[in-house]
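See structure below.
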Amino acid sequence: MDTIQAIILGIVQGLTEFLPVSSSGHLQLASALLGTDLNPESDLTFSLTLHAATVLSTIVVLYREIWRLLCGLFSRTYNEEQAYVVKIIVSMIPIAIVGFFFMDVIEAAFSSILVVGIMLLVTSLLLTFAYYAKPRTKENISYRDAFIMGVAQAFAALPGLSRSGTTIATGLLLGNRRESVAQFSFLMVLPPIIGNAILDAAKGEFGGGVETIPMLAGFAAAFVTGCLACKFMIEIVKRGKLIWFAAYCAVVGIVATACHFIA
């Protein structure tokens, strides 16, 4: 992989991690178009580097909220911040189960463009349902809703099924406020990504053929575009304009599915 390819993949990761169009699916499609054959097993270090960049961009954009949660977490009395952190922990339960017991099946799915295409179509349907759902105004995400959004995140481990799109659409369909759903969706993914990186490091599974300069270029591209996409997506959710992403996912899903049968 050369530097230009790494930058392109970094931009794809940074944009699609927050936009409801599936980062894993688009990385798979972009890798196929570039001829880099990127996959989580052979290029684990590069994949985790891109994810680390988007984690950092989330922290930068939402640092005020994260700092508020950290300050409240160490209070001696149970407070709103501690309750929010507990909800994030509750949302992690489904993805933890999937990670421990079904990861081999999911990683095998990364080799299938057909799966990516079908899951993009599913993402399009979810975003469409969320767009036309009757708006309600729950002030706070409940523990039940946090768990259901966690289940949605677990299903979104499949390439092509957007994590942000699935969790945001689920939260909106449950009747939560748009601002609350967007913020919770971006914060709930931080622990699983960080935890997965720690587990891989402990197992000594880092590896891949990407050199240092392309690695750094990919990280920088993913970080900068991630910051922009995170801010942009929060505003988009507030305005309720998810239907455009539904249309985009439908078009890309149809093209990817067609390419599978034509190739």
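The values are calculated or read from the model by the stated rules, or taken from the named source; none is laboratory data. All values reported here derive from a predicted model rather than from experimental measurement. Positions of Cβ are generated from backbone atoms using ideal geometry, with glycine treated the same way; all protein chains shown enter the neighbour counts.
Data for the structure
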{"read-out": "Test result for G117, part of a helix (DSSP H, G or I) and touching a Ser or Thr at 6+ places or on another chain (Cβ under 6 Å)", "value": "yes"}
{"read-out": "Check on V115, modelled with pLDDT under 85 and over 22 Å from R64 (Cα atoms)", "value": "yes"}
{"read-out": "Residue selected from the stretch 239-263 under the condition surrounded by 15 or more Cβ atoms within 10 Å (Cβ to Cβ) and of a type in the set (G, A, S), by the criterion modelled with the lowest pLDDT", "value": "A256"}
{"read-out": "Verdict on R163 being surrounded by fewer than 20 Cβ atoms within 10 Å (Cβ to Cβ) and either within 17 Å of the chain's Cα centre (by Cα) or modelled with pLDDT of 85 or more (or both)", "value": "no"}
{"read-out": "Among the candidates R144, R68, residue that is within 18 Å of T166 (Cα to Cα) and of a type outside the set (S, T, Y)", "value": "R144"}
{"read-out": "Extreme residue, surrounded by the most Cβ atoms within 10 Å (Cβ to Cβ), among residues of the stretch 123-153 that are in contact with a helix residue (DSSP H, G or I) (Cβ under 6 Å, 6 or more places away or on another chain) and of a type in the set (S, T, Y)", "value": "T123"}
{"read-out": "Yes/no for F100 being aromatic (F, W, Y) and either more than 16 Å from S180 (Cα to Cα) or surrounded by 19 or more Cβ atoms within 10 Å (Cβ to Cβ) (or both)", "value": "yes"}
{"read-out": "Test: K87 is part of a loop (DSSP other than H, G, I, E, B), of a type outside the set (V, I, T) and more than 22 Å from T16 (Cα to Cα)", "value": "no"}
{"read-out": "Helices (runs of 4 or more DSSP H) wholly inside the stretch 2-78 containing at least 1 residues that are over 21 Å from I168 (Cα atoms) and at pLDDT below 80", "value": "23-34, 44-61"}
{"read-out": "Long-range neighbours under 6 Å by Cβ, at least six apart or interchain, first residue under 24 Å from C230 (Cα atoms) within the stretch 186-208, second modelled with pLDDT under 80", "value": "A197/L48"}
{"read-out": "Residue tally, condition charged (D, E, K, R) and either surrounded by 17 or more Cβ atoms within 10 Å (Cβ to Cβ) or touching a helix residue (DSSP H, G or I) at 6+ places or on another chain (Cβ under 8 Å) (or both), over the stretch 224-238", "value": "2"}
{"read-out": "Residue in the stretch 90-103 that is farthest from R144 (Cα to Cα), counting only those that are out of contact with any helix residue (DSSP H, G or I) (no Cβ under 8 Å at 6 or more places or on another chain) and either assigned to a helix (DSSP H, G or I) or at pLDDT 90 or above (or both)", "value": "M103"}
